Each structure stands twice: as structure tokens, then as C-alpha cells.
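Here is the structure we will look at, set down as C-alpha cells.
Every number here is computed from the coordinates shown, using simple stated rules; none is lab data. Just so it is clear, the model here is predicted, and its values are computed rather than measured. Here the Cβ is made from the backbone with ideal geometry for all residues, glycine too, and neighbour counts use every protein chain on show.
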Amino acid sequence: MTGAVIFDRDGVLAEFDLDRTRQELGPLLPFGLEQLGGHLRSWAARGQAVTDAASERAFWDAFWVNLCGELGLGEEVRSQLLRFNPRQTLRAFPDARPALEQARRRGYRVGVLSNFTLLDLPGSLEALGLGELVDAALSAAMIGTAKPAPEAYQAITRALGVAPEACLFIDDRPECVEGARRVGMRAWLLDRRGKNTGEGLLRGLGELFAA
């Protein structure tokens, strides 16, 4: 039976580079990233789903234009915001690429399943330098459901052409790990900060295939 290893993206393969984002957006906006996040969540709730590169660009362009209108920001600021590349807010963990490479060397198919809806998932993996190592990548916006709903895990197994029982799933959220286990996957919680104890834990992806 062909097997697969399925990763969450945020917190597992990559993290948000908040310092870089503050440096780029801080001089342009009259508030910090936390308030910006509130505006983004409100805008995303209007139903502009990001499913590919074109819809990602349309989402962010429309968001910045609307935000500048609400705040009365000038044309120069608007132009700079429209040039901002949101994919640059992500950076891969050092152990991400080696883990994906090792999974492929061992003959596993590789999948990514993410709940984050504001970036084109395949495009973001390419920007992280990981896209060539991933056989299938699905986001909640692409499939219309999010972890820990069973349908989310079933969608990625179909895309990979494997049975849930032949999959290993890694996520940094306990409820998403439990959701994977409920559909028959073997699943581990990645706890990079050492906040949890017990079985089924990884402290880093370097432990994934440890003997």
C-alpha cells in the first residue's frame, strides 16, 4: 500500500516572519499588526476566497484599496501597499525541507493541508522553496471545509491517491491531530515550544524518521 506524509503548513513547515512584516508595513499603516489582522479577518469574512495565485492577488489588491479608502491613506502609501508581497510574510523552518526530502526518499507521497485562507497554498509553498517536494496541497478555501472536519482529511487523501490508514499526519494544533486520528490516520502533534507532554509528540521535524 502506498503511504503518505501530510503536513500542516503554518507552525509545522513555516512560520510568519512578524519582524520583517512590521518593518515593511509599520511605516505605512497607522496601527500595528494585531489591528491589521482584525481588518483582514473582517475582509476575509466577506467571502473572497483565495484558491489560486490570481484570486490571491485579487484579494490583497481589493483589501488594500478598501483599507486605504477607509483610513484616508494617500496614493503613495496605497501604491506601496499594492506592491507588498504577502508571501514574504512566511519563512520555512530549517527542518522543513530536509523532512520533505526524507519522506520522498523513503517512498512516501507528500501532502500539505492548511486552514489558512489568505494565501494561495501551492504558490506559498513555491515561495518557501518547498513546492517541488509536495505532491498535493489543499487549503480550506480550496476544498470548502477546514480541519478538524473529516472532509478536509478525506480531500487530501483523495488528492494523494492513498487511504487514510496509510497516512501519517503532522500538525501543531491538538484538535487537528485528533481529527486526523478520527478518520484513521496515524497523527503526531508537533510541539516546537515544549508546551505539551505525553505520547505522539514531536519537538521538531528532525525527529520524524528517527530510528
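Overview of results
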item: Filter result (in contact with a Leu (Cβ under 7 Å, 6 or more places away or on another chain) and under 14 Å from V50 (Cα atoms)) within segment 128-141; result: A137, L138, S139
item: Residue match in segment 102-112 (condition: crowded, with 20+ Cβ neighbours inside 10 Å and among the charged types (D, E, K, R)); result: yes
item: Subset of segment 43-67 (residues that are free of Cβ contacts under 8 Å to residues at least 60 places away in the same chain and under 10 Å from D120 (Cα atoms)); result: A54, R57
item: Flag if A163 is touching a residue at least 60 places away in the same chain (Cβ under 8 Å), out of contact with any strand residue (DSSP E or B) (no Cβ under 7 Å at 6 or more places or on another chain) and not basic (K, R); result: yes
item: Candidate set: segment 1-30, residues that are hydrophobic (A, V, I, L, M, F, W, C) and within 13 Å of R87 (Cβ to Cβ); chosen: the one surrounded by the most Cβ atoms within 10 Å (Cβ to Cβ); result: A14
item: Segment 173-203: number of residues that are under 17 Å from the mean Cα position of the chain (by Cα) and surrounded by fewer than 17 Cβ atoms within 10 Å (Cβ to Cβ); result: 3
item: Total residues in segment 151-185, condition in a helix (DSSP H, G or I) and farther than 20 Å from T51 by Cα; result: 12
item: Segment 128-139, residues that are assigned to a helix (DSSP H, G or I) and crowded, with 19+ Cβ neighbours inside 10 Å; result: none
